[in-house]
Amino acid sequence: MRKLALVRRPGPRLADGIVTHIDRSPVDLDLALRQWEGYVAALHDEGWETVEVDPADDCPDAVFVEDTVVVYDDLAVVARPGADERKPETAATEDALRRLGYRLARIEAPDTLDGGDVLKHDGTVWVGLGGRTTPGAVEQLRALLAPLGARVVGVPLAKVLHLKSAVTALPDGTVVGWDPVVDDASVWESYLPVPEEPGAHVVLLDESTVLMSTSAPRTRALLEERGLRVVAVDMSEYEKLEGCVTCLSVRLRGAPTA
Ligand SMILES: CN(C)C(=N)NCCC[C@H](N)C(=O)O
C-alpha cells in the first residue's frame with residue numbers, strides 16, 4: 001500500500017500561533033524548522049512519501065496541516081476551522097488533494113470542524129465536541145462518510161484543544177489517553193491511560209511502529225513493553241503551540257492513483 005503524507009512547512013509567523021489551554025512561551029523559529037525537517041525525515045525513513053501543501057504564510061498555525069481536512073478512503077472532506085484566522089489554510093490542502101485524485105467534499109458554514117478533532121480507527125470515526133468542532137459539523141461528516149460505511153461518534157471534549165490532544169489509537173485499536181484531559185474514557189472499548197500528556201499522541205507508521213514525541217519517555221517504554229517499535233522526534237517548539245506529532249501531517253493510506 002502506498003504510504004503518502006501531506007505536510008506543510010512552518011511559516012515565518014509560526015511563533016504567533018494560537019494558544020488556548022496553556023501559557024504562551026517563546027518559539028524558536030530556527031529550531032522549529034529543524035524539528036519539522038526531522039519529522040519529515042522520520043516519515044521518509046519509515047517508507048512514507050510526503051507531498052508539501054503550498055505555504056499559507058499569513059497563517060501562523062498553517063504547519064498544523066492535519067486540521068485542514070479529514071480523509072476517509074478516496075474522499076477528502078475539507079475542514080472549516082473553528083478559529084477564523086485558520087480558515088484560509090484549507091484552500092491549498094484542497095488543491096493538493098484534488099491533484100492527488102481525491103473526491104472532495106466540504107464542511108459547510110456555519111458549522112466548523114478541525115481535523116485534529118477527528119480520530120479514525122477501523123471504520124469508526126470519533127469526533128471531539130466542545131472546542132473547535134460543532135455538533136452540526138459532526139452531522140455533516142456522518143452524512144458524508146455513511147456511504148463509505150464509517151460509523152461517526154461524537155465524543156465530549158472540554159479540557160483540551162482537540163480530541164487528538166487527549167487521545168490517539170495504537171495499531172491494535174487500543175486508545176491511549178492522558179487521563180487529566182480525557183472527559184469520558186468509557187467511549188472506548190480498549191483504553192490505556194499513559195503517564196505523560198505527549199504520550200497520548202501517536203502517529204501510526206505501520207502495524208507495529210508508532211511515531212511519538214521525545215518528551216514522553218515513560219510512555220515510550222510502556223509502548224515498547226507492549227511490543228511496539230517507537231520512532232521518537234523532538235517536538236518542543238510545536239508543543240509550545242499546543243501541537244503534537246499528529247498535527248504536522250495528514251496520513252493518506254492507499255491514496256488514489258491520480
Ligand atoms: C491534534 N492537534 C493538537 C492538532 N491537530 N492541532 C493543533 C493546532 C494548534 C494550533 N496552535 C491551534 O490552536 O489551532
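Each value in this text was obtained by applying a stated rule to the coordinates, not by laboratory testing. Not measured: the values here are computed from a predicted model. Note that each Cβ is placed from the backbone with ideal geometry, even for glycine, and that neighbours are counted across all protein chains shown.
What about residue 100, is it touching a residue at least 12 places away in the same chain (Cβ under 8 Å) and either within 16 Å of the ligand (Cβ to nearest atom) or surrounded by 21 or more Cβ atoms within 10 Å (Cβ to Cβ) (or both)?
Criteria not met by residue 100.
More than 17 Å from the chain's Cα centre (by Cα), assigned to a loop (DSSP other than H, G, I, E, B) and not hydrophobic (A, V, I, L, M, F, W, C): is that true of residue 111 in this structure?
Spelling it out, residue 111 is indeed more than 17 Å from the chain's Cα centre (by Cα), assigned to a loop (DSSP other than H, G, I, E, B) and not hydrophobic (A, V, I, L, M, F, W, C).
Mind telling me which of the residues 131, 116 ends up being within 15 Å of the ligand (Cβ to nearest atom), outside any strand (DSSP E or B), more than 14 Å from the chain's Cα centre (by Cα) and closer than 20 Å to residue 188 by Cβ?
Selected residue: 131, the only one of 131, 116 that is within 15 Å of the ligand (Cβ to nearest atom), outside any strand (DSSP E or B), more than 14 Å from the chain's Cα centre (by Cα) and closer than 20 Å to residue 188 by Cβ.
If I go through the stretch 44-90 residue by residue, how many of them are without any contact (Cβ under 8 Å) to a residue 24 or more places away in the chain and either within 12 Å of residue 249 (Cβ to Cβ) or of a type in the set (Lys, Arg) (or both)?
Count: 2.
From the residues in the stretch 200-219 that are more than 16 Å from the ligand (Cβ to nearest atom) and not in a helix (DSSP H, G or I), which one is nearest to residue 41 (Cα to Cα)?
Once the filter is applied, the top-ranked residue is 205.
Yes/no matrix, rows are residues, columns are (1) of a type outside the set (Phe, Trp, Tyr); (2) closer than 13 Å to residue 70 by Cα; (3) in contact (Cβ under 8 Å) with a residue 24 or more places away in the chain:
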{"position": "92", "(1), (2), (3)": "yes, no, yes"}
{"position": "113", "(1), (2), (3)": "yes, yes, yes"}
{"position": "118", "(1), (2), (3)": "yes, yes, yes"}
{"position": "132", "(1), (2), (3)": "yes, no, yes"}
{"position": "141", "(1), (2), (3)": "yes, yes, yes"}
{"position": "144", "(1), (2), (3)": "yes, yes, yes"}
{"position": "159", "(1), (2), (3)": "yes, no, yes"}
{"position": "171", "(1), (2), (3)": "yes, no, yes"}
{"position": "179", "(1), (2), (3)": "yes, no, no"}
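Among (1) buried (at least 18 other Cβ atoms within 10 Å of the Cβ); (2) touching a Leu at 6+ places or on another chain (Cβ under 9 Å), there is one condition residue 115 misses while meeting the rest; what is its number?
Just one mismatch for residue 115, condition (2).
Would it be correct to say that residue 66 is under 23 Å from residue 146 (Cα atoms) and either touching a helix residue (DSSP H, G or I) at 6+ places or on another chain (Cβ under 7 Å) or within 16 Å of the ligand (Cβ to nearest atom) (or both)?
It is true that residue 66 is under 23 Å from residue 146 (Cα atoms) and either touching a helix residue (DSSP H, G or I) at 6+ places or on another chain (Cβ under 7 Å) or within 16 Å of the ligand (Cβ to nearest atom) (or both).
From the set of residues in the stretch 45-60 that are farther than 25 Å from residue 72 by Cβ and out of contact with any Leu (no Cβ under 6 Å at 6 or more places or on another chain), which is farthest from the ligand (Cβ to nearest atom)?
45
What do you reckon, is residue 174 closer than 23 Å to residue 152 by Cβ, of a type in the set (Val, Ile, Thr) and in contact with a His (Cβ under 8 Å, 6 or more places away or on another chain)?
So residue 174 fails the test.
Quick one: which residue in 243, 227 is outside any helix (DSSP H, G or I) and within 14 Å of the chain's Cα centre (by Cα)?
243
Looking only at the stretch 144-169, which residues are assigned to a loop (DSSP other than H, G, I, E, B) and either more than 16 Å from the ligand (Cβ to nearest atom) or in contact with a Ser or Thr (Cβ under 7 Å, 6 or more places away or on another chain) (or both)?
Correct list: 149, 150, 161.
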